1. If I compute solvent accessible area with a 1.4 Å probe over the protein chains, what percent of it on region 32-262 is carbon and sulfur?
2. Residue by residue through region 440-446, what is 3J(HN,Hα) from phi via Karplus (6.51 cos²θ - 1.76 cosθ + 1.60, θ = phi - 60°)? Round to whole Hz and write x for glycine and proline.
3. How high is the FRET efficiency between Asp476 and His422 when r is their beta carbon distance and R₀ equals 56 Å, given to the nearest 0.05?
4. Based on the mean of other Cβ atoms within 10 Å per residue, sort peptides 460-467, 436-443 so the most packed one is first.
5. Can you compute the modelled spin-label distance between Thr110 and Ser165, with each label point 7 Å from Cα toward Cβ, in nm?
6. Over region 358-404, with the other protein chains present, what is the accessible area per residue in square angstrom, probe 1.4 angstrom?
7. Which pairs break 30 Å Cα to Cα here: Lys125/Lys372; Lys272/Lys468; Lys257/Lys467; Lys257/Lys468; Lys125/Lys398?
8. Rolling a 1.4 Å sphere over the protein heavy atoms, what is the accessible area per residue of region 32-262, to the nearest Å²?
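The values are calculated or read from the model by the stated rules, or taken from the named source; none is laboratory data. Just so you know, these numbers come straight off a predicted model, no measurement behind them. Please note: Cβ atoms are built from the backbone with ideal geometry, for glycine as well, and neighbour counts cover all protein chains shown. Just so you know, the surface numbers come from the protein's heavy atoms only, side chains and all, with ligands and any DNA or RNA stripped out. Shrake-Rupley method; radii C 1.70, N 1.55, O 1.52, S 1.80 Å.
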Amino acid sequence: MESVRPGGGPPAGGPGSGSSSGSGSFPSLFPPGLHGIYGECRRLYPDQPNPLQVTAILKYWLGGPDPLDYVSMYRNLGNPTLNVPEHWHYVSFGLSDLYGDNRVHEFTGTDGPSGFGFELTFRLKRETGESAPPTWPAELMQGLARYVFQSENTFCSGDHVSWHSPLDNSESRIQHMLLTEDPQMQPVQTPFGVVTFLQIVGVCTEELHAAQQWNGQGILELLRTVPVAGGPWLITDMRRGETIFEIDPHLQERVDKGIETDGSNLSGVSAKCAWDDLSRPPEDDEDSRSICIGTQPRRLSGKDTEQIRETLRRGLEINSKPVLPPINAQRQNGLNHDRAPSRKDSLESESSAAIIPHELIRTRQLESVHLKFNQESGALIPLCLRGRLLHGRHFTYKSITGDTAITFVSTGVEGAFATEEHPYAAHGPWLQILLTEEFVERMLEDLEDLNSPEEFKLPKEYSWPEKKLKVSILPDAVFDNPLH
């Protein structure tokens, strides 16, 4: 539960408890991690020392459900000379380390990131006659924060989040989000590390798909050129009824050219997917996803989980030869998100604490495989093939319903255990499929109707017998069944 109150009278330790004499004058009970964040807010809004705030009644560190202690809401007058409209500016408190006593975040020093290293912001166009900011963006930010806390996957500029619902629960076309640097708030140094500010930008489905097929930064730049779609400060207007491509059809040409030139920087998604080894009878006890040693079911090992996590990292490879991360790769920040973070979206299985030791899992070459996807995941296969593999890269589907993972790799990717001689290889429940450029081109022709998934009925099956590969697009209910 949350409450809305003026920022001037919070409990001890609330951001609004700062002295009105300036950001450098705080009561001794004021949590040190708030100093820099609140000071940055006061720099932008010196006339609003006590903004309206949404606060978690029961703090996360006391067992409450909401990770953000506060969300402050400011009235921003915009910038008429830059064609920036008046809007509400929301700032979160809690993804960074506010307290420094390990009650929420582990203190790791002052040189690195504070907590997760960032706070969220959101800019919502102010409607005519609106005297107070709507509070729904605070719950939106809490939802994203819950995802970060549960999965330990952090956000970076250019990331996207598929939400599949109007952000304000209305009939709006703004149903997804991109993330970028806040245009006004600067990174701050706190006693517990550095905090940056990532702004949520509401987008339409068509704009999300363009970001997936190309890259988030490219679409953000296009949004900046269209005043009604965000403008230079990327302000979300929930009443926007047209996509940037409907407003300016020439922008689609820029996206198409970007995809052709750059490919996609979406390296993977969490999805509803599964795979079967058709090389063996289904009743074989050595099934790729249920091998047992004694009574212990096979799970993704911690090292495999880490490597799969790395394949889902954001960013376009800068090396001449894209490489699948080594199994002992260190964690990095950033993950491409492809679903509403209303449930756990970690690459680590909830049961992965009890796993088969990595050295006991051998890599197996498979003769024939059957891939299964739901409709939304299947619609991304052309993106995987055209935007990733034809550019010498890799793409991973990680199941949200189990430990299964499927990684497509091209012949230019180093570090994969699938090879041209053995294009289908499994390491426990992780399947890798190597596709040659010639086969990718053929698959794109055969899968052309996936570009218009609303036009075909499920289930849908594609088969390449000479390659011993089958792909099925199935209803969601198939994957929701725990016996699947």
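1. The computed percentage sits at 50.
2. For region 440-446, the Karplus curve yields 4, 4, 5, 4, 4, 5, 5 Hz.
3. For R0 = 56 Å, the calculated efficiency reads 0.95.
4. 436-443, 460-467
5. 4.3
6. 32
7. Listed pairs above 30 Å: Lys125/Lys372; Lys257/Lys467; Lys257/Lys468; Lys125/Lys398.
8. So region 32-262 comes to 38 Å² accessible per residue, rounded to a whole number.
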